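What follows is a short report on a single structure.
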Amino acid sequence: MFADARAALDRGDLDRAVDGYERYVSLDAANPEAWFNLGLAYKFRRDWTSAARSFRRVAELAPTMVEAFWNLGVAATALRDWPSARDAWRAIGVDPGPGDGPPILKLGPSPIRLTAGEVVWANRVDPCRARIANVPLPQSEHRWGDLVLHDVAPRGERQAWGRTWGVFDEIERLEEGEFPTLECEVHAPAAEDAAALDEHFTDHDLGAEDWTSSVRWLCESCSIGSPHAHAADGGTMPVWLPARRYGFAGPAEEIRRHLRDWAEDGPGRSFGPLRPATPDRS
């Protein structure tokens, strides 16, 4: 019965896995591995109440099994059960801070793979929630500032700032960012001009994303692993294209004002009309 349930879980047959493990724990209620796998099946099925029940039972049976507390924290967060989530984070050594509401921590940046497949950078506010710091492509149906619930087991990695970062998969969006995504064509004569635009908008707490250079299409093994060179890449440096497609987020008038400030601060800089972002037409 256990082996059949495990095989069903491995092949993604969640209904069969849940049924098998539920029957198993009804006969052996003291097996933490069975309860943990049952919790995973419920988690993948997004049955958060049942997942929390399962992982809580694992924590009772095997209090040193940290994976149970990580997953209990995810399930409790999905349920907005903040006291339980806080207890789970304390169990893994993360201080959730004062209060009994959602933790607001500063756990640093992390790459998050959105449900549409795009990987963006986000700032983690607790072990399983992060606020998107990039301006995602319109195809993603996400916004700058979205708060997302993400898994706690990394799948793939990215290199940035001299270190390797694990990529976490988004589970669901918890809060939508305040501002819709806008876009316009920007003329940046050199890479330094684009860098100056990015820095200017960051300094003023506005979203700006150079979709022309930040979007990199990856093969599947690169996306869920570590991006690597391909023979077809050629090994040559790309030619700088002054015409850039930019995504922006923030109050529209502020974006226009700061674009004007940026354009006036360097020769050859300009920008086109600001408009609602639409999926790539190419």
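Extending 7 Å from Cα along the Cβ direction at TRP240 and again at ARG53 yields two label points whose distance is 6.1 nm.
Comparing mean-square fluctuations of SER213, SER26, SER50 from a GNM of the chain with C-alpha springs under 10 Å, the top value falls on SER26. Averaging 1/r across all pairs of distinct Cα atoms in the range 1-57 and inverting the result yields a Kirkwood radius of 10.6 Å. When you restrict to C-alpha pairs under 8 Å that are six or more residues apart and normalise by the size of the chain, the relative contact order lands at 13 percent. 3J(HN,Hα) couplings calculated from phi for the range 130-141 with the Karplus curve 6.51 cos²θ - 1.76 cosθ + 1.60 (θ = phi - 60°) are, in sequence order, 8, 9, 5, 9, 7, 9, x, 4, x, 4, 6, 6 Hz; Gly and Pro show x. Expressed in Å, the radius of gyration and Dmax of the Cα atoms of the range 109-175 are 10.7, 31.
Grouping the Cα pair distances of the chain into 10 Å bins from zero gives a pair-distance distribution of 6, 23, 28, 22, 13, 6, 2, 0 percent in increasing distance order.
Return a whole-number percent for the relative contact order of the range 109-175, with Cα pairs under 8 Å and 6 or more residues apart as the contact set. Each step should come with its number before you reach the end.
Values: 150 pairs, mean separation 21.7, N = 67.
Contact order relative to length: 32 percent.
Counting neighbouring beta carbons within 10 Å and listing from fewest to most, the residues LEU72, LEU27 come out as LEU27, LEU72.
In this label model, ARG90 and ALA191 are separated by 5.0 nm, measuring between points 7 Å along each Cα→Cβ vector. Add +1 for every Lys or Arg and -1 for every Asp or Glu among the other residues with Cβ under 12 Å from the Cβ of GLY39, and state the total. Net charge in that neighbourhood comes out at +1. Stretching ASP261 away from GLU176 to a fully extended chain increases their span by 27.7 nm, per 0.36 nm per residue minus the current alpha-carbon distance. Across ALA62, ALA76, ALA88, mean-square fluctuation computed from a Gaussian network of the chain (C-alpha pairs under 10 Å connected) peaks at ALA62. Applying a DSSP loop filter and a limit of 13 other Cβ atoms within 10 Å to the GluC sites (Glu not before Pro) in the range 48-126 leaves nothing. Counted by Cβ distance under 15 Å from ARG16, the other residues give a net charge of -3, where Lys and Arg count +1 and Asp and Glu count -1.
Read the figures in this text as sums done on the coordinates, not as results from a lab. On a predicted model such as this, the values are computed, not experimentally measured, just so you know. Glycine also receives a Cβ, built like all others from the backbone with ideal geometry; neighbour counts cover every protein chain displayed.
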